[in-house]
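Some notes on the structure that comes next.
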Amino acid sequence: MTVKRSAILMAAVFVLFLAFLLLFTILMSNNQWVLNESQVIRHKSYLVADELRESSDLLTRMARTYVLTGDSKYEDMYWHILAVRNGNALRDSDHFMAPGKAIKIKDLMINLNFTEQEFGKLKEAEDNSNSLVTTEIIAMNAVKGNFSDGQGGYTRKG
């Protein structure tokens, strides 16, 4: 009887060990999935923040090129880049985030659950970029001989 009891006890320990091993494997797998998801979100967050930087660089480049050359294609590209960034134009179909959709960079950040601190820094960068946009619009209008009328338009000729 003792041998039989010992065998049952060993079998029970073995089954408990297998159950523990299965539970441990499931928990590890879940942990890995969560880690992978956070890495994907981290990478997308980096790409969205970089898009803000890149769009600011491109806007400046297009404005400067337009001012130097007077070629309207650079002004058209400027307005298109700004429209995409502001969610007023469709993104390229091969864009990494929201391909073929019109969505603001800020909304992409919201979808990626940026923290308040991250939003604060990126909002500061966006505000600086938007101030630069104002300067660039003044310069592009000056090329056409249009100057501020003091009411938000560029109707004064000069």
Worksheet item: Restricting attention to the stretch 84-137, and to residues there that are at pLDDT below 85 and of a type in the set (A, V, I, L, M), which single residue is surrounded by the most Cβ atoms within 10 Å (Cβ to Cβ)?
Response: L122
Worksheet item: Out of S148, S131, which single residue is of a type in the set (S, T, N, Q), touching a Phe, Trp or Tyr at 6+ places or on another chain (Cβ under 9 Å), more than 30 Å from E37 (Cα to Cα) and without any contact (Cβ under 8 Å) to a residue 40 or more places away in the chain?
Response: S148
Worksheet item: Would you pick out the residues in the stretch 65-97 that are closer than 21 Å to S131 by Cβ and touching a residue at least 40 places away in the same chain (Cβ under 8 Å)?
Response: Y66, V67, E75, Y78, L82
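The values are calculated or read from the model by the stated rules, or taken from the named source; none is laboratory data. Remember, predicted model here, so these are calculated numbers, not experimental data. Counting neighbours? That spans all protein chains shown, and the Cβs are built from the backbone with ideal geometry, glycine included.
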